[in-house]
Amino acid sequence: MAEEQRAFGYICPDCGKPVFGERTHFALCAAASGLVCGCGRSELTAEPFGEHYRVTVPCGACGGEHRAEVPADKLLHGPGVALACPESKQLCCYIGDAHQVRKALRELEITLEKKKEHMDSAFVDNNIMYEVLSELKDIAARDGISCTCGARGCGMEIHGSAVDLICRQCGARLRVNAATDEDLDRLCCQYTLTIRGGV
Ligand SMILES: [Zn+2]
Ligand SMILES: [Zn+2]
Ligand SMILES: [Zn+2]
């Protein structure tokens, strides 16, 4: 029988990347285990301490580090554990089955990216801006953005309530408003976008 493993996952507060690792029961029971991010600047540790594990988690949500006591039984068996950041209430660490941890970690990465985008800028409406940007990404992904000058694709410049699509070839701009529900509706029904540039 293959030895049972437990997976650990968190988002590195330093580089923002998901950190994933598996440890065998044997290793977990024997001594403190660590999981270091590829960037080397954050580390999750789990140390057996009686019936508990003392877990230290670098927190991708608030940038701090949190300590938690997790019952050994929960850490080693069953559906797994998710630890929440006491600052932001956001889940920031998952321990359990590898598949589940990977999945949760992917979702967490997306959530934190969204939050970060929100914090980095003062948009008129964060949700609309986010939706508009992801819609634009979709349109761009299906090669739906072009310029009348013949260029495909574009650069983007993000403003408080609008996104400018800029032709990389001729420099023409197309402004896409991103402030209201109507702006979003208007964009969502477009399959392609054309920048009016040079001919
Ligand atoms: Zn890192
Ligand atoms: Zn936190
Ligand atoms: Zn152009």
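Here G150, G197, G144 are screened, and the one residue that is among the small types (G, A, S), exposed (fewer than 14 other Cβ atoms within 10 Å of the Cβ) and away from ligand 2 (no atom under 16 Å from the Cβ) is G150. Scanning region 23-61 for residues that are loosely packed, with under 15 Cβ neighbours inside 10 Å and in contact (Cβ under 8 Å) with a residue 40 or more places away in the chain yields a count of 2.
Would a scan of region 170-177 turn up a residue that is part of a strand (DSSP E or B), among the polar types (S, T, N, Q), crowded, with 17+ Cβ neighbours inside 10 Å and away from ligand 1 (no atom under 16 Å from the Cβ)? So far as region 170-177 goes, yes, one or more of its residues are part of a strand (DSSP E or B), among the polar types (S, T, N, Q), crowded, with 17+ Cβ neighbours inside 10 Å and away from ligand 1 (no atom under 16 Å from the Cβ).
Counting only residues that are aromatic (F, W, Y) and within 19 Å of Q100 (Cβ to Cβ), which one in region 1-48 is farthest from ligand 3 (Cβ to nearest atom)?
First, pick out the residues of region 1-48 that are aromatic (F, W, Y): 8, 10, 20, 26.
Those left that are additionally within 19 Å of Q100 (Cβ to Cβ): 8, 10, 20.
Working: F8: 49, Y10: 44, F20: 42 Å.
Ranking the candidates gives F8 first.
Answer yes if at least one residue in region 49-59 is more than 16 Å from ligand 3 (Cβ to nearest atom), in the same structural domain as D97 (by TED's automatic domain parsing), within 24 Å of K116 (Cβ to Cβ) and part of a loop (DSSP other than H, G, I, E, B), and no otherwise. So far as region 49-59 goes, yes, one or more of its residues are more than 16 Å from ligand 3 (Cβ to nearest atom), in the same structural domain as D97 (by TED's automatic domain parsing), within 24 Å of K116 (Cβ to Cβ) and part of a loop (DSSP other than H, G, I, E, B). For region 143-199, the tally of residues that are free of Cβ contacts under 8 Å to residues at least 40 places away in the same chain and either more than 19 Å from E117 (Cβ to Cβ) or β-branched (V, I, T) (or both) stands at 20.
Residue by residue, here is whether (1) β-branched (V, I, T); (2) modelled with pLDDT of 95 or more; (3) away from ligand 1 (no atom under 12 Å from the Cβ); (4) out of contact with any strand residue (DSSP E or B) (no Cβ under 9 Å at 6 or more places or on another chain) holds:
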{"site": "V19", "(1), (2), (3), (4)": "yes, yes, no, no"}
{"site": "E22", "(1), (2), (3), (4)": "no, yes, yes, no"}
{"site": "A27", "(1), (2), (3), (4)": "no, no, yes, no"}
{"site": "E47", "(1), (2), (3), (4)": "no, yes, yes, no"}
{"site": "V55", "(1), (2), (3), (4)": "yes, yes, yes, no"}
{"site": "P58", "(1), (2), (3), (4)": "no, yes, no, no"}
{"site": "E69", "(1), (2), (3), (4)": "no, yes, yes, no"}
{"site": "G78", "(1), (2), (3), (4)": "no, no, yes, no"}
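For region 161-199, the tally of residues that are more than 17 Å from A140 (Cα to Cα) and β-branched (V, I, T) stands at 2.
The values are calculated or read from the model by the stated rules, or taken from the named source; none is laboratory data. Nothing here was measured: the structure is a model prediction, and the numbers come from that model. Here the Cβ is made from the backbone with ideal geometry for all residues, glycine too, and neighbour counts use every protein chain on show.
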